[in-house]
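A short worksheet on the structure shown next.
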Amino acid sequence: MKEEKEIKVSTTDRESGYMYRENKPEGFFYLDHRTTDLKYNIITDVHVTPGNVHDSMPYVERLDRQIERFKFQVEAVALDSGYLTSPICKAICDRKIFGVIAHRRFAPAKGLFPKRKFTYIAGEDVYLCPNQQKLKYSTTDREGYRQYKSDPKVCSDCPFLEQCTRSKNKQKVITQHIWETYKDQIRENRLTKSGKMLYKKRSQTIERSFADAKELHGLRYCRLRGLRNVQEQALMTAACQNLKKIANHLAKLG
């Protein structure tokens, strides 16, 4: 028998998506993916998806759309940790854009060594474990992850076995994406002076834009059902916000 993943469908709005995230409300939602510029906080792109679509999925397509349609000379982008994926990092680097993405450190299983305890040796293409034993390359799966495996015979007598793996065959497996170097480059950008400044500005631009839309323009709730109607509401809200931004800037100029 083949198991099928259960997908919850709303009885009142079938185009919405069921969202379940840590520290977020649970239920059927739509997500507003938007982009703002750094200088004036003008909203340059709005895209609505069902709530079960991950933030990172439409990002590269929306970035390219803005570059092609408006001829933007994009120098840098700042994103939250949800966008720290290998394909996005590669896309940003390929376009020669200075990318800054918040770091998300995944906690290992309690009592086990984190991945950072295993040192990668590029010259030999192996990982070195805390007991100085080598994990050699085995294969690459369909999702692009290279697998490095230890020797179970060596691991069975290792004093760190209980802190290393709980597998029945006593073999440790480390995975590394084929585009991991691009993710490392984005991590290095975040630690630079420019990277810290750029990411700090994120809370003053895109986060404030979302807050204003929800608190002052009623975007916390959908007024109509259906993806097309919600997209229209999000676009009209963004247009109102942009008009206010432009008016305030012109007023300052006299």
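One line per residue, one yes/no per condition, for (1) under 13 Å from Ile174 (Cα atoms); (2) aromatic (Phe, Trp, Tyr); (3) under 24 Å from the mean Cα position of the chain (by Cα); (4) surrounded by 14 or more Cβ atoms within 10 Å (Cβ to Cβ):
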| site | (1), (2), (3), (4) |
| --- | --- |
| Lys110 | no, no, no, no |
| Val126 | yes, no, no, yes |
| Thr139 | yes, no, no, no |
| Tyr148 | yes, yes, no, yes |
| Asp151 | yes, no, no, yes |
| Val154 | no, no, no, yes |
| Asp157 | no, no, no, no |
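To keep it simple, each residue is scored yes or no on (1) on the phi > 0 side of the Ramachandran plot; (2) surrounded by 14 or more Cβ atoms within 10 Å (Cβ to Cβ); (3) modelled with pLDDT of 90 or more.
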residue	(1), (2), (3)
Leu63	no, yes, yes
Lys71	yes, no, yes
Ser86	no, yes, yes
His103	no, no, no
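Among Glu15, Glu6, which is the only one that is under 19 Å from Leu224 (Cβ atoms), among the charged types (D, E, K, R) and assigned to a loop (DSSP other than H, G, I, E, B)?
Glu15
Residues checked against (1) more than 28 Å from the chain's Cα centre (by Cα); (2) in the same structural domain as Asn41 (by TED's automatic domain parsing):
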site	(1), (2)
Tyr145	no, no
Leu161	yes, no
Leu198	no, yes
Glu207	no, yes
Ala213	no, yes
Arg223	yes, yes
Gln241	no, yes
Lys244	yes, yes
(request) Give the residues of the range 65-96 that are under 11 Å from the mean Cα position of the chain (by Cα) and polar (S, T, N, Q), sorted by residue number. (result) Ser81, Thr85, Ser86
(message) I'm trying to understand the selection: among the residues of the range 182-219, which are among the hydroxyl-bearing types (Ser, Thr, Tyr), at pLDDT 90 or above and out of contact with any Cys (no Cβ under 9 Å at 6 or more places or on another chain)?
(response) Thr192, Ser194, Tyr199, Thr205, Ser209
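Residues that are aliphatic (A, V, I, L, M), farther than 30 Å from Val100 by Cα and surrounded by 12 or more Cβ atoms within 10 Å (Cβ to Cβ): does the range 234-246 have at least one?
Just the residues of the range 234-246 that are aliphatic (A, V, I, L, M), to begin with: 234-236, 238-239, 243, 246.
When the remaining residues are screened for being farther than 30 Å from Val100 by Cα, the result is none.
No, the range 234-246 contains no residue that is aliphatic (A, V, I, L, M), farther than 30 Å from Val100 by Cα and surrounded by 12 or more Cβ atoms within 10 Å (Cβ to Cβ).
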(request) Could you check, for the range 61-80, whether at least one of its residues is over 28 Å from Gln185 (Cβ atoms), in contact with a helix residue (DSSP H, G or I) (Cβ under 9 Å, 6 or more places away or on another chain) and of a type in the set (Val, Ile, Thr)? (result) no
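The values are calculated or read from the model by the stated rules, or taken from the named source; none is laboratory data. None of the values given here were measured: they were computed from a predicted structure. Virtual Cβ from ideal backbone geometry, glycine too; neighbours counted across all protein chains shown.
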